[in-house]
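To keep things clear, I will list the structure first and then write my remarks on it.
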Amino acid sequence: MASNGKNNGKAKANGQWVGKRFKRKEDPRLVRGISHYTDDIKLPRLVHCVFVRSPHAHARIASINTEAARSQPGVLTVITSADIEGLGMIPCAMQMPDLKIPAHPALAKGRVRYVGEPVAVVVAEDAYTARDAAEMVAVDYEPLPVVLDIEKALQKESALIYQDFGTNKAFTHAMKSGDIEAAYKKADRVVKVRLINQRVAPTAMEPRSVVAEYLPGENRLTIWASTQIPHLLRTQVAIMVGLPEPAVRVIAPEVGGGFGSKLNVYAEDGVVPWLSMKLARPVKWTETRRESLMVTIHGRDTINYLELALKKDGTILGLRAKVLADMGAYHQLLTPLIPQLTALMLPGCYKIPAFDCEIVGVFTNKMSTDAYRGAGRPEAAYDIERIMDCAARELNLDAAKFRSKNFPQPREFPFTTAAGLLYDSANYQQSLKRALQLAGYDKLRARQKAGWKQGKYYGVGVSTYVEICAIGPSAATPAGGWESATVRIEPTGKVTVLTGASPHGQGQETTFAQLVADQLGINPDDITIIHGDTLAVPYGIGTFGSRGTAVGGTAVYYAVEKLKIKIAALAAHLLGAKPADIVIAHGRVGVKGNAKKSMPWGEIILAAYTARSIPAGFEPGMEATHFFEPSNFTFPFGTHICAVEVDPETGEIKIEKYVAVDDCGNVINPMLVDGQVQGGIAQGLSQALYEEMVYNEDGQPITGSLMDYAVPKAAHIPEFILDRTVTPTPVNPMGVKGVGEAGTIASTPCMVNAVCDALSPLGITNIDMPLKPERVWRAIAAAQAAVPPPAATTAKSARTARRTA
Amino acid sequence: MKKNVRIVINGAEHRAEVEPRLLLVHFLREVAGLTGTHIGCETSLCGACTVLLDGMAVKSCTVLAVQADGRSITTIEGLAASENLHPIQEAFWEEHGLQCGYCTPGMILCAHDLLQQNASPSEQEIRDGIGGNLCRCTGYQHIVNAVKAASRKMNQRQRAAARAAD
Ligand code: FES
Ligand code: FES
């Protein structure tokens with residue numbers, strides 16, 4: 001059982017509601033199945049569309065014949081790129097000096113560059129008819145050479161995806177600090193490893209869906225979309241379809257998971273509204289699962305060359321890294337940003353005096369990569385935590401002690417890292433200590449040693465991670481890093497909170513209500529959180545990068561503080577007291593030290609609206625808006641430990657124990673934090689063990705269904721032992737850091753470290769993910785062919801015969 | 001060639017003329033207007049579309065509407081009587097067994113089927129029992145906890161009912 005919410009830190013932000021396990025306000029409607037996701041939206045005269053997609057990874061389009069499809073009964077229209085000349089390009093929000101941004105039309109023009117690229121769209125009265133007609137669109141392709149391997153893509157003889165660019169390189173970016181050459185000269189040892197972070201598919205259970213309704217008389221376009229960023233989507237779609245922004249309204253109804261994949265502007269987001277404008281009818285498109293795996297952005301897909309320069313005693317002197325990142329064929333909204341986040345977080349939670357990192361973005365004939373839960377930070381954590389393990393082994397040091405030796409001390413915070421980030425607050429030692437205790441680390445190590453003598457492969461994986469959250473200060477983000485909130489106390493005393501955050505499972509309808517309830521001394525049931533409707537909510541940024549509570553919640557906090565000043569001014573006026581003496585608590589507004597002088601909550605709020613007796617200069621009503629601009633990111637951290645046994649006969653991995661000690665600062669609802677951590681760990685473990693988006697040599701995605709793409713089932717995921725330490729952040733007044741991605745970031749290296757640790761007597765230092773039994777078995781077989789089995793040897797002698805699988 | 005079907009859904013009869021290829025899940029969502037049954041794959045691999053067909057859990061994307069002719073379906077909207085929640089729904093709420101809620105209707109109906117067959121399943125039996133239903137958000141632990149809690153609730157209520165009958 002998870003040991004929930006044990007707070008070891010000093011500071012606690014507990015009130016009557018904050019810090020409590022409080023049942024979610026969203027759930028009654030969700031467990032009844034009576035609320036609406038985008039595909040549930042029904043409108044009179046609704047028509048359906050289906051995209052015709054390229055079966056080739058790279059080809060010239062010789063001709064498209066839509067006649068047969070067009071003549072089907074029930075088909076309204078069939079469009080190709082020639083019909084949408086006026087529709088804007090799919091946007092990329094990134095700007096960098098040498099970044100190559102290819103033109104990215106919503107429907108392929110002359111050429112297709114990945115399997116699944118949309119070529120035509122069929123619109124019909126019902127979805128079945130549209131699907132049938134889509135089969136009848138005849139496209140003549142002339143196949144071109146396919147570019148898939150990012151290392152080969154950079155070689156001179158490689159075919160080019162964009163002739164004009166003269167290269168498949170999308171960008172290079174360097175990051176340096178300290179004197180790396182000097183570090184190498186001083187080093188006793190330089191540990192090297194090449195790591196592949198495979199391509200994975202986010203696979204939210206709700207596929208993407210867009211419904212658009214254009215009313216020509218009113219010149220109003222309403223879009224329902226399964227998105228994490230309703231306002232940014234509205235801006236971009238308005239630009240694409242050429243409507244003034246006020247004419248466009250985006251609604252994100254219930255959203256069935258996103259994990260970064262719905263933090264984007266896709267071809268369909270532009271085409272469906274455009275069709276509605278042309279046809280003057282509402283249009284719906286809903287992705288099939290096959291499309292979801294093929295053309296919703298993918299995550300990760302990098303090759304990483306890492307070198308760690310060290311002294312014999314385990315002191316880190318320098319880190320050198322080269323990261324090659326697969327962009328896919330086009331940039332989606334943030335594609336080139338993701339590897340930048342990797343570079344920024346590569347130093348992890350360690351003191352690294354010299355850092356030299358180069359990242360290279362490469363075009364290939366595949367779907368674009370972009371933000372997938374963690375977005376660049378899981379890759380960084382994987383790199384640094386894997387090489388830390390390799391280094392510990394080479395130097396014959398304990399994996400935990402070696403890490404601890406290179407941690408900054410708690411008093412060194414705020415701490416400037418080798419990548420130039422300012423970490424806000426941390427106590428890495430404390431979280432490591434707690435995790436070692438919970439895991440029974442010493443016992444695990446003892447058993448491991450004993451096991452090796454009997455030919456048993458026990459392993460212990462450690463991962464001390466840090467992540468960058470609460471994204472983020474606007475100066476460091478492509479499209480603004482603030483968040484907005486409007487809080488209105490209605491005449492009845494009930495509270496409406498309008499937030500620019502756009503939760504899709506995170507539960508902010510609950511946590512924000514807890515927060516506001518404490519601030520105003522009222523019940524969370526009297527507070528309603530509205531999000532995801534651009535007509536109701538002030539311009540906002542959205543939910544991603546573990547920012548919902550740390551940035552969005554802080555905006556709510558400050559808006560409420562503004563109202564408290566207003567309430568105090570009015571109450572002082574009505575009660576004949578000084579504003580500074582007004583106390584707002586327990587459903588009443590009163591005067592400090594004078595129990596008789598107080599008013600019920602409802603009365604004072606109503607007085608603000610009736611406005612018959614208000615102080616001079618007091619604005620009637622009770623509404624405040626705050627746009628919160630954070631001064632920094634936050635940096636949650638923690639330690640995960642995993643114990644495994646590997647079966648050398650089958651390559652199967654048995655997870656025996658998984659301990660996670662996370663520190664996300666103060667906690668508003670421990671139950672929801674546990675949920676985020678558990679879901680995150682599951683996704684990270686699943687990348688380590690099961691998931692991989694595979695393209696064959698022709699560029700065909702061959703993991704195109706849930707039969708082939710291994711989303712884990714309940715029996716594939718172990719029970720986790722959870723605990724927390726609490727180190728509040730000084731970046732926001734609530735001291736919360738964010739927790740949406742922590743589990744995903746920590747768990748992947750933890751798992752792979754455990755397996756490599758188990759197999760270390762064989763001299764195996766690395767196996768690339770996913771660690772499927774076959775892959776593990778092959779590594780074992782190859783190692784055994786080179787080294788006698790462990791029963792006949794000692795771990796020490798095997799170490800001299802180390803090899804990489 | 002369209003066919004007439006008569007399907008009882010959550011106690012109410014629905015008659016329609018449908019194409020033989022129409023999937024039951026589309027009948028529920030498009031014809032009967034009950035959108036609590038979700039679609040996650042349409043290929044019987046995710047369980048989001050799980051409903052009860054004559055009391056047994058089926059994936060409604062692998063059943064044709066014509067196959068359900070004359071039979072009785074329970075969807076998530078019909079699981080609980082009136083305003084109350086079914087004990088499984090309560091347990092999912094109390095144990096935080098859902099985040100985005102997309103898998104939830106299918107998960108709850110699958111759990112219903114499991115608890116009909118095995119009133120007190122073990123942790124492993126629950127994990128195996130919901131093996132046909134995917135959840136991308138929760139990591140399953142809170143779902144497993146919710147099914148355990150539901151089993152306790154339902155057993156308790158049954159015992160109380162038995163006592164009352166004595
Ligand atoms: S939609 Fe039926 S199993 Fe996925
Ligand atoms: S709660 Fe989101 S898929 Fe299960």
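Residues in the range B:80-94 include none that are within 16 Å of ligand 1 (Cβ to nearest atom) and either more than 12 Å from the chain's Cα centre (by Cα) or in the same structural domain as B:Ala149 (by TED's automatic domain parsing) (or both). Among the residues in the range A:20-43, are any modelled with pLDDT of 95 or more, farther than 30 Å from A:Pro524 by Cα and more than 10 Å from chain B (Cβ to nearest Cβ)? Looking for residues that are modelled with pLDDT of 95 or more, farther than 30 Å from A:Pro524 by Cα and more than 10 Å from chain B (Cβ to nearest Cβ), one finds at least one in the range A:20-43, hence yes. For B:Ala119, are the conditions met, namely being away from ligand 1 (no atom under 16 Å from the Cβ) and touching a residue at least 24 places away in the same chain (Cβ under 8 Å)? Yes; evaluated as a whole, the condition is true for this residue. Of the residues making up the range B:87-97, none is buried (at least 17 other Cβ atoms within 10 Å of the Cβ), in contact with a Cys (Cβ under 7 Å, 6 or more places away or on another chain) and touching a residue at least 40 places away in the same chain (Cβ under 8 Å). Of all residues in the range B:109-116, at least one satisfies being open to solvent by 40 Å² or more (accessible area, probe 1.4 Å) and either out of contact with any helix residue (DSSP H, G or I) (no Cβ under 8 Å at 6 or more places or on another chain) or in the same structural domain as B:Thr43 (by TED's automatic domain parsing) (or both).
Within the range B:24-52, which residues are under 12 Å from the mean Cα position of the chain (by Cα) and either within 16 Å of ligand 2 (Cβ to nearest atom) or open to solvent by 10 Å² or more (accessible area, probe 1.4 Å) (or both)? Residues satisfying the conditions are B:Gly36, B:Thr37, B:His38, B:Gly47, B:Ala48, B:Cys49, B:Thr50. Evaluation of B:Cys103 against the conditions (1) within 16 Å of ligand 1 (Cβ to nearest atom); (2) surrounded by fewer than 18 Cβ atoms within 10 Å (Cβ to Cβ) shows that the sole unmet condition is (2). Hey, A:Asp132 hits all of (1) part of a helix (DSSP H, G or I); (2) surrounded by 22 or more Cβ atoms within 10 Å (Cβ to Cβ); (3) within 14 Å of another protein chain (Cβ to nearest Cβ) but one; which does it fall short on? It is condition (2) that A:Asp132 fails. Note on the range A:708-747: residues that are touching a residue at least 40 places away in the same chain (Cβ under 8 Å), under 16 Å from A:Val677 (Cβ atoms) and within 14 Å of another protein chain (Cβ to nearest Cβ) total 13.
Conditions tested, residue by residue: (1) surrounded by fewer than 18 Cβ atoms within 10 Å (Cβ to Cβ); (2) within 16 Å of ligand 1 (Cβ to nearest atom); (3) away from chain B (no Cβ under 14 Å).
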| site | (1), (2), (3) |
| --- | --- |
| A:Ala174 | yes, no, yes |
| A:Asp179 | yes, no, yes |
| A:Val190 | yes, no, yes |
| A:Arg194 | yes, no, yes |
| A:Val200 | no, no, no |
| A:Pro207 | no, yes, no |
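Here the condition is being buried (at least 22 other Cβ atoms within 10 Å of the Cβ), of a type outside the set (Gly, Ala, Ser) and under 19 Å from the mean Cα position of the chain (by Cα); of A:Pro728, A:Pro749, A:Pro712, A:Pro701, it holds for A:Pro749 alone.
Inspection of the range B:59-77 identifies no residue that is in contact with a His (Cβ under 7 Å, 6 or more places away or on another chain), under 23 Å from A:Thr288 (Cβ atoms), of a type outside the set (Ser, Thr, Tyr) and within 13 Å of ligand 1 (Cβ to nearest atom). Scanning the range B:132-149 for residues that are in contact with a helix residue (DSSP H, G or I) (Cβ under 9 Å, 6 or more places away or on another chain), within 16 Å of ligand 1 (Cβ to nearest atom), farther than 30 Å from B:Lys2 by Cβ and open to solvent by 20 Å² or more (accessible area, probe 1.4 Å) turns up at least one hit.
Consider the range A:516-570 and keep the residues that are part of a helix (DSSP H, G or I) and aromatic (Phe, Trp, Tyr). The one that is surrounded by the fewest Cβ atoms within 10 Å (Cβ to Cβ) is A:Tyr558.
One residue alone among B:Met56, B:Met154 is in the same structural domain as B:Ile9 (by TED's automatic domain parsing) and out of contact with any strand residue (DSSP E or B) (no Cβ under 8 Å at 6 or more places or on another chain), and that residue is B:Met56. For the range A:212-237, the set of residues classified as away from every other protein chain (no Cβ under 14 Å), touching a residue at least 12 places away in the same chain (Cβ under 8 Å) and within 23 Å of A:Asp370 (Cβ to Cβ) consists of A:Ala212, A:Ile223, A:Ala225, A:Ile229, A:Pro230, A:His231, A:Leu232, A:Leu233, A:Arg234, A:Gln236, A:Val237, listed by residue number. Going by what's in this entry, would A:Glu509 be described as within 26 Å of the chain's Cα centre (by Cα) and surrounded by fewer than 24 Cβ atoms within 10 Å (Cβ to Cβ)? Taking the combined requirement at face value, the residue satisfies it. Please indicate, with yes or no, whether at least one residue in the range A:587-597 is open to solvent by 40 Å² or more (accessible area, probe 1.4 Å), part of a strand (DSSP E or B) and out of contact with any helix residue (DSSP H, G or I) (no Cβ under 9 Å at 6 or more places or on another chain). Within the range A:587-597, one or more residues are open to solvent by 40 Å² or more (accessible area, probe 1.4 Å), part of a strand (DSSP E or B) and out of contact with any helix residue (DSSP H, G or I) (no Cβ under 9 Å at 6 or more places or on another chain). Of all the numbered requirements in (1) within 13 Å of another protein chain (Cβ to nearest Cβ); (2) more than 12 Å from ligand 2 (Cβ to nearest atom); (3) not in a loop (DSSP other than H, G, I, E, B), B:Arg152 misses one, and that requirement is (1).
Would you say A:Arg320 is surrounded by fewer than 24 Cβ atoms within 10 Å (Cβ to Cβ) and not assigned by TED's automatic domain parsing to the domain that holds A:Glu85? For A:Arg320, the condition - surrounded by fewer than 24 Cβ atoms within 10 Å (Cβ to Cβ) and not assigned by TED's automatic domain parsing to the domain that holds A:Glu85 - is met.
Meeting the requirement of 2 or more residues that are under 30 Å from A:His531 (Cβ atoms), the strands (runs of 3 or more DSSP E) wholly within the range A:10-117 are A:47-53.
The values are calculated or read from the model by the stated rules, or taken from the named source; none is laboratory data. Just so it is clear, the model here is predicted, and its values are computed rather than measured. Glycine gets a Cβ as well: all are built from the backbone with ideal geometry, and neighbour counts include every protein chain shown. These area figures cover heavy atoms from the full protein model, side chains too; ligands, DNA and RNA do not enter into them. Shrake-Rupley method; radii C 1.70, N 1.55, O 1.52, S 1.80 Å.
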